[in-house]
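Engineer: My questions will all concern the structure given below.
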Amino acid sequence: MPKLEVVASQDSVWNQLRSSAEAAGREEPHLASLLNAVILSHHDLSAALSFQIARKLGDEELRAMTVREVCLSAFQADTTIVAAAEADLQAVAERDPAIKTLLQPFLYFKGFQALQASRVAHWLWTQGRETLAFHFQSRISELFQIDIHPGARLGSGLFLDHGTGIVIGETAVVGDQVSMLHGVTLGGTGAERGDRHPKIGKGVLLGAGAKVLGNIVVGDYAKVASGSVVLKPVPAGCTVAGVPARLVNCPTAAEPARTMDHTLADVVYDFVI
Ligand SMILES: CC(C)(COP(=O)(O)OP(=O)(O)OC[C@H]1O[C@@H](n2cnc3c(N)ncnc32)[C@H](O)[C@@H]1OP(=O)(O)O)[C@@H](O)C(=O)NCCC(=O)NCCS
């Protein structure tokens with residue numbers, strides 16, 4: 001299957017989404033009305049995104065119209081939210097070999113949708129509107145089985161693959177360009193209060209079912225193997241696996257692609273956790 005071209009500029013994310021929607025509408029007339037309502041009738045990504053979040057989250061308790069107004073206020077007040085959504089779409093295009101066009105994540109990927117709604121919830125949290133932020137969190141959790149506390153700070157270019165069962169605690173921080181699979185928990189140990197959740201560096205891969213517990217740092221570009229329980233810090237660029245997680249791989253360069261460091265990995269046993 002030809003790999004989707006990584007879209008370069010912010011403008012082209014929206015243009016590519018529109019083109020995909022037009023093509024899909026021609027191929028599948030049954031979806032024409034949905035595609036028109038969610039994408040083609042809008043003039044930019046923020047309008048389409050607010051409609052999509054509202055369509056999903058709105059219910060009898062909080063109408064879609066109101067959810068949409070809240071989203072638009074958030075997008076207007078903080079333009080980094082929509083920029084992050086664009087980077088998230090690009091991240092899916094780059095990293096998910098299963099996708100054919102940006103339509104799939106935008107219309108159907110609950111990881112992407114939960115993430116965008118959570119960004120709005122976080123904005124509400126920063127405005128001191130905690131109850132509405134919790135309402136968003138609750139609806140997101142009900143709909144997508146993804147529970148992200150609105151206080152958590154999330155970077156951009158994130159890819160929540162499959163999404164089911166992801167839990168991210170209040171004081172967690174997730175760096176830019178992180179990928180996480182279903183079943184990831186960024187939680188507390190239960191023994192700490194206050195700042196008690198993990199700090200995930202940029203470009204980290206968190207495999208399916210990985211549990212990272214406590215206020216510990218997972219360094220930039222580290223990998224956490226599927227099914228691991230991580231209780232201690234992870235050095236940048238290294239891989240940990242197992243229960244409890246142990247260092248299994250540690251290249252000598254934290255960013256081998258950038259430094260062009262071709263030396264073989266020496267396991268540095270001081271790092272073993
Ligand atoms: C950890 C991972 C990222 C590979 O990273 P890596 O740095 O390339 O590690 P390697 O493949 O070199 O493996 C290093 C060691 O860890 C072990 N290992 C890898 N994944 C493991 C896991 N999930 N649990 C326990 N051990 C694991 C390997 O067997 C190897 O052990 P060995 O040295 O005794 O042979 C990958 O195995 C992984 O878990 N990816 C997540 C994939 C996922 O979640 N898929 C779900 C898709 S729906």
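The values are calculated or read from the model by the stated rules, or taken from the named source; none is laboratory data. Quantities reported herein were computed from a predicted structural model and do not represent experimental measurements. Using ideal geometry, Cβ is built from the backbone for each residue, glycine included, and neighbour counts are taken over all protein chains shown.
Engineer: Is there a residue in the stretch 150-164 that is touching a Ser or Thr at 6+ places or on another chain (Cβ under 9 Å), closer than 21 Å to residue 68 by Cα and crowded, with 22+ Cβ neighbours inside 10 Å?
Structural biologist: yes
Engineer: Same structure, new question: For residue 248, all conditions in the list (1) modelled with pLDDT of 95 or more; (2) more than 27 Å from residue 99 (Cβ to Cβ); (3) assigned to a loop (DSSP other than H, G, I, E, B) hold save one; what is the number of the exception?
Structural biologist: Failed condition: (3).
Engineer: On the given criteria, is residue 242 surrounded by fewer than 23 Cβ atoms within 10 Å (Cβ to Cβ), within 16 Å of residue 147 (Cα to Cα) and near the ligand (Cβ under 9 Å from one of its atoms)? Step through it out loud before you land on a result.
Structural biologist: Values: surrounded by fewer than 23 Cβ atoms within 10 Å (Cβ to Cβ): yes; within 16 Å of residue 147 (Cα to Cα): no; near the ligand (Cβ under 9 Å from one of its atoms): yes.
So residue 242 does not fit the description; no.
Engineer: State which residue is nearest to the ligand (Cβ to nearest atom) when the search covers only the stretch 198-214 and only residues that are buried (at least 24 other Cβ atoms within 10 Å of the Cβ) and assigned to a strand (DSSP E or B).
Structural biologist: The extreme case among them is 206.
Engineer: Taking the condition over 23 Å from residue 90 (Cβ atoms), surrounded by fewer than 19 Cβ atoms within 10 Å (Cβ to Cβ) and over 21 Å from the mean Cα position of the chain (by Cα), does residue 19 pass?
Structural biologist: In short, no.
Engineer: Specify which of the listed residues (197, 149) is without any contact (Cβ under 8 Å) to a residue 24 or more places away in the chain and within 24 Å of residue 80 (Cβ to Cβ). Working first, answer last.
Structural biologist: Numbers: 197 fails: without any contact (Cβ under 8 Å) to a residue 24 or more places away in the chain.
Criteria check complete, one pass: 149.
Engineer: Considering only residues of the stretch 39-72 that are among the β-branched types (Val, Ile, Thr) and surrounded by 19 or more Cβ atoms within 10 Å (Cβ to Cβ), which is farthest from residue 118 (Cα to Cα)?
Structural biologist: 39
Engineer: The conditions are (1) assigned to a helix (DSSP H, G or I); (2) in contact (Cβ under 8 Å) with a residue 24 or more places away in the chain; (3) within 23 Å of residue 180 (Cβ to Cβ), and residue 97 fails exactly one of them. Which is it?
Structural biologist: Of (1) assigned to a helix (DSSP H, G or I); (2) in contact (Cβ under 8 Å) with a residue 24 or more places away in the chain; (3) within 23 Å of residue 180 (Cβ to Cβ), only one is false for residue 97: (1).
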